[in-house]
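Novice: Could you have a look at this structure, given as structure tokens, before my questions?
The values are calculated or read from the model by the stated rules, or taken from the named source; none is laboratory data. As the structure is a prediction and not an experimental result, all values here were calculated from the model. Don't worry about glycine lacking a Cβ; one is built from the backbone with ideal geometry, like all the others, and counts go over all protein chains shown.
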Amino acid sequence: MADPGAPAFVLADFLPYQLSLAANAVSRAVAEGSGYAARFGLSAAEWRVLAHVAAAGTPSQAEVASLAAMDKMTISRAVTSLGTRRLLDRRRDPGDRRTLRLSLTEEGARVHDHVAPRALAVEARLLAALSDDEAATLRRALATLAGLSAPPAAGG
């Protein structure tokens, strides 16, 4: 039974719900504005994998999952799809044969280089609705919430 003195739960006012709605709206705007979905047929997960691999060089699949804060199965499906479409190469790590290292193919780099500036332009258009101080505060607040929500480090 709910505590009669506790505030009522209102989903529309619940922070995780508000963040989810905002993230979905921003992701849709980037997908549409950058053309990664319509022009290249990429899902949001596939675009994120391409972007992380472009930034990291030759990360492992597990490293991409950690960087992207996405579950391993979603990353695995995205990597498989990108590999099938020859946008991503998967090679065994010579130091650890159990680990696959990911890298962009020439075509994957071309897609990334086409989409990335358009994604940044969408971001700039969205952030233009905020003052510079508001945008900086938003970024700090998101980083703080993400840090507070992260699981504790192993062994600590």
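Novice: Given the conditions (1) exposed (fewer than 14 other Cβ atoms within 10 Å of the Cβ); (2) at negative phi; (3) at pLDDT 95 or above, report the number of the one that Arg92 does not fulfil.
Specialist: Single failed check for Arg92: (3).
Novice: Also, quick follow-up: As an exercise: evaluate Phe9 against (1) without any contact (Cβ under 8 Å) to a residue 24 or more places away in the chain; (2) in a helix (DSSP H, G or I); (3) not β-branched (Val, Ile, Thr) and give the number of the one condition it does not meet.
Specialist: Answer for Phe9: the failing condition is (2).
Novice: Got a number for residues in segment 128-148 being over 18 Å from Ala51 (Cβ atoms) and in a helix (DSSP H, G or I)?
Specialist: Of the residues in segment 128-148, 14 are over 18 Å from Ala51 (Cβ atoms) and in a helix (DSSP H, G or I).
Novice: Filter segment 63-111 for residues that are in a helix (DSSP H, G or I), in contact with a strand residue (DSSP E or B) (Cβ under 8 Å, 6 or more places away or on another chain) and either among the small types (Gly, Ala, Ser) or over 12 Å from Glu46 (Cα atoms) (or both) and give the result.
Specialist: Gly83, Gly108
Novice: Taking segment 1-45 as the region of interest, how many residues are more than 21 Å from Glu107 (Cα to Cα), among the polar types (S, T, N, Q) and within 15 Å of the chain's Cα centre (by Cα)?
Specialist: 3
Novice: To continue, here is another question. Pick from Ala135, Ala44: which is out of contact with any Pro (no Cβ under 6 Å at 6 or more places or on another chain), under 18 Å from Ala23 (Cα atoms), at pLDDT below 95 and not charged (D, E, K, R)?
Specialist: After ruling out the rest, the residue left standing is Ala44.
Novice: When you go through (1) free of Cβ contacts under 8 Å to residues at least 24 places away in the same chain; (2) of a type in the set (D, E, K, R); (3) within 17 Å of Ala23 (Cα to Cα) one by one for Arg125, which number turns out not to apply?
Specialist: (1)
Novice: Looking at (1) at pLDDT below 95; (2) surrounded by 11 or more Cβ atoms within 10 Å (Cβ to Cβ), find the lone condition where Leu120 falls short.
Specialist: Status for Leu120: all satisfied but (1).
Novice: Which one is surrounded by the most Cβ atoms within 10 Å (Cβ to Cβ), of the residues in segment 20-42 that are touching a residue at least 12 places away in the same chain (Cβ under 8 Å) and among the aliphatic types (A, V, I, L, M)?
Specialist: Leu42
Novice: Return a yes/no flag: does segment 43-55 have any residue that is surrounded by fewer than 15 Cβ atoms within 10 Å (Cβ to Cβ) and not aliphatic (A, V, I, L, M).
Specialist: No: segment 43-55 contains no residue that is surrounded by fewer than 15 Cβ atoms within 10 Å (Cβ to Cβ) and not aliphatic (A, V, I, L, M).
Novice: Listed residues Leu102, Leu120; which is under 17 Å from the mean Cα position of the chain (by Cα) and under 23 Å from Val30 (Cα atoms)?
Specialist: Exactly one residue qualifies, and that residue is Leu120.
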